[in-house]
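Every read-out reported here was derived from the displayed coordinates using simple, explicitly stated rules and does not represent laboratory data. On a predicted model such as this, the values are computed, not experimentally measured, just so you know. Cβ: placed from backbone, ideal geometry, glycine included. Neighbour counts: every protein chain shown.
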Amino acid sequence: MDTVVYLALSAAGLALAYVIGDVIERRHYGEIRRREVATRQCMATTARTLPEQWSVAATELVTGSVVISVDHFKRFLAGLRTIVGGRVKSFESLLDRARREAMLRMKEEAIARGCDAVINVRIETSRLAAATRNGKGTAGVEILAFGTAIRRAG
Amino acid sequence: MEYRPRLPREGVNRTPIHPLRESAVLLGGVVAVGALLLVVLGIALNLLLPHVSADCEMRLSRPFWAPGQAGQQGDPRHQALQPLVDRLAGHWSDNPYDLQVGLVEEPRPNAFAVPGGVILVTTGLLARTESENEVAFVLAHEIGHFAARDHLRRLGRGLLFAWVVGHFGGGVAPVDLVEQITARGFDRHQEAAADRFGLALVAALYGHVAGALDFFQRLPDATAGAAGDVAAYFSTHPVTRARLDGLRALARERGWPLTGPVQPLAPALHQEAVPDHEQGEGQAIEGRHDDPGRPQGAAVVGDEIFEGVEDHLLPPPGAGGVGFPVTVPYRSLPSPDQWPEAA
Amino acid sequence: MEGDGVILTNTETVPGKRVVEAYGVVTGSTVRAKHIGRDFMAGLKNLVGGELKGYTELLGDARQEAVERMMQEATSMGANAVVNVRFATSSVTQGAAELFAYGTAVRVE
């Protein structure tokens, strides 16, 4: 009897986590797309070459970072995956969102400083370990995007 | 070169998943991996266990039970049960164990075969038994488990499984869950074998098997309460009717009389039955000293006994015994020619 | 098929060709988990040392997939090359790693 109750509660908890997580994710994606369109004019590139006709008035180092947390349902699926192996699909959307958010924040900082492009963009990812469970759990994933923002002269 | 900012297509870096499908596939995969592991461990243990001597087992387990047992020496109920166990074990010629009996304060009827040669009996069980023959059969059934070393199999498998899971699974909650689902006492074959051995012991002690099975016939609805059906599903005990019929058929086949004088329960072992919904902690209890073997009235029939060491004695999660209803050949089961001969 | 025929370099330009237009940063990533069997073998290998071929193979496959996704993004923008490609591997949860490739999608002639 205890097992059944435990199972039912776990399933309910997971379902709740999934539903709420899904809603949050959709909303975030909508916002991301909107902002990507809005910041499209500020070109980001991993290269260092500028167009020939550009002359540089100023440069700034800009960064954008975000820490995203994993919801319970995603964590549950990822845990099962580590036993069976394969692609952890539940984490893909999480990291996609985090990365795009970080890039957007970097671009938005560049635009706020009046810059026209960001060159030599680099992206770094790191996992934040949870304080509980001997640091084995994941408290969140931090993504940092940084580059050199260029302000054109004229 | 010119800058022409464009946006890439959506959704390249993610795969839309259907939550139920993904969960079902993964859980199925995990259960399959767990099942495979259990089967492999079961086979490995079958091969290794005959080499673990009872002496070794007793020496390793005694430190756990000795203090509790010492506390029970003065208990009259213990003093009523221990001679019964000794008499029964006396008919098992190959007995390598120094069998001890212990009492557990618990309203649910239960009996455990614990590594080291200790048989634990709950007060709930004593409350429901009405003759010495019934108690004898319960004890003899547990002795049967010792004879086949079932308790070690389960302990070994449970510990190995927990270790593997803990090491590789990263303590994932669903795996604990899967373990819980598959963890139920001894499996059907072990139970049936212990039944047969137990009946043989009882027949050897009393010369007949009258009254021994009454306990099983008596408690049909004790466990059928709120959780009856579900508990029945998760239990690995053979269905009572089939079990009783099988045992009666065995008695007929071996020529053990089904009737005969039934020994009454020792007064020390008389207990008031406690309602099922009150559940207490397992603890050693004191009882009254009494003289076993005084004649009493007719025997009553009981029902299934849930046997599971892990329920009370191995509380750490994941370290509980793991049984699995899979047929794995048990080579060291006592075969009929190794059973005790009737007196 | 989307993603075919895209030139990849980790230099500023494609040697021997001229970059005509640059479209933006493209990324490709996958998250892969090992399974218990691989983990067990790796555990055993830790006793003797040497290359963990199982893991090398796993991460190699994952990296290939990440690069393919990056090329798909590039093609969808109308690019035919990705320059200045960089790779990153990070652990996102215990037992799983993210393989990440990113670069600038350009059109070369």
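The table that follows gives values for the structure above.
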read-out	value
Highest-first arrangement of C:66-72, B:42-48, B:102-108, where packing means the average Cβ count within 10 Å	C:66-72, B:102-108, B:42-48
Shielding score for A:65-77, defined as the mean number of other chain Cβ atoms within 10 Å	2
Fraction of alpha-carbon pairs over 19 Å apart in the range C:19-77 - percent	49 percent
Whole-Å semi-axes of the ellipsoid equivalent to the range B:1-120 (Cα gyration tensor, √5λ, descending)	60, 19, 15
For A:117-129, mean number of other protein chain Cβ atoms within 10 Å	4
C-alpha center-to-center spacing [the range B:241-270, the range C:42-109] in angstrom	70 Å
Which of A:W54, B:W256, B:W65 has the fewest Cβ neighbours within 10 Å, and the rest in rising order	A:W54, B:W65, B:W256
In Å, descending, principal axis extents of the Cα set of the range C:52-109	42, 21, 18
Sorted largest first, extent of the range A:22-106 alpha carbons per principal axis (Å)	54, 26, 17
Dimensions in Å of the range B:72-162 - Rg and Dmax from alpha carbons	13.4, 40
Solution diffusion estimate, µm²/s, Stokes-Einstein, the range B:1-41, Kirkwood Rh from C-alpha pairs, 25 °C, viscosity 0.890 mPa s	174 µm²/s
Two-decimal log10 I(q)/I(0) for the range C:1-41, as the Debye equation yields it once each C-alpha is a single scatterer, q = 0.16, 0.26, 0.29 Å⁻¹	-0.67, -1.13, -1.23
Equivalent ellipsoid semi-axes - Cα gyration tensor, the range B:119-161, angstrom	26, 12, 5
Directionally averaged shadow of chain C, computed from the convex hull of its alpha-carbon atoms, nm²	8.1 nm²
For residues of C:34-42, the mean tally of beta carbons on other chains within 10 Å	5
Exposure proxy ranking, count of Cβ atoms within 10 Å, fewest first, for C:I36, A:I24	A:I24, C:I36
Theoretical FRET efficiency, 1/(1+(r/R0)^6), r = Cβ-Cβ of C:A42 and B:R252, R0 41 Å, to 0.05	0.10
Cβ crowding within 10 Å averaged over residues, with B:129-140, C:76-87 ranked highest first	B:129-140, C:76-87
Over 18 Å [Cα-Cα, chain A], rounded percent	66 percent
Protection proxy ranking, peptides B:115-128, A:31-44, average beta carbon neighbours within 10 Å, highest first	B:115-128, A:31-44
Cα-Cα separations in the range B:41-82 greater than 13 Å, expressed as whole percent	67 percent
Burial ordering of A:L77, B:L49, fewest other beta-carbon atoms within 10 Å first	B:L49, A:L77
